[in-house]
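FYI, it's all coordinate maths here, none of it is from the lab. Note that the structure is a prediction, hence the values are computed from the model and not measured. Positions of Cβ are generated from backbone atoms using ideal geometry, with glycine treated the same way; all protein chains shown enter the neighbour counts.
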Amino acid sequence: MKYLLWLLKAAIFFTLFAFALNNQHDATVYFFFGTHWRAPLVLVVLAAFAGGLVVGALGMLPGWWKHRAAAAAQQPSAPQQTPATTGSAAAPAAAPAPSISATDLPAVRQHGL
């Protein structure tokens, strides 16, 4: 399986490399106010892709902050321990619901492409 993933990664790399070699001619990108940028087509495509990643990440940033703040507010505080009385058979108070921490979850093996 590991070799199959490496083969897939190599195929993707060589496909992109061939794309870059086949698109070396200049392209002109026209901006506002008569400005323009001349660069190889592969750089224009790469810049558009990188710009899309940045705009997408910036668009998701407020949601990430909101969810982080909500998760931080949900963190349980340390439970207070009361000394146990000897010989008393008092029923314990309602215990807080158990929380699942990251160490309780099974390990997930990551495969990056």
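If neighbour count is taken as other Cβ atoms inside 10 Å, put Val54, Val42, Val29 in order from fewest to most.
If I rank by nearby Cβ atoms, fewest first, I get Val54, Val29, Val42.
For the range 2-74, what relative contact order do you get, as a whole percent, if you take Cα pairs closer than 8 Å and at least 6 residues apart?
The normalised contact order for the range 2-74 reaches 18 percent.
Kirkwood-based Rg over Rh for the range 2-74 (C-alpha set), two decimals? Before the final figure, lay out the partial values.
On the way: Rg = 19.2 Å, Rh = 15.9 Å.
Value, to two decimals: 1.21.
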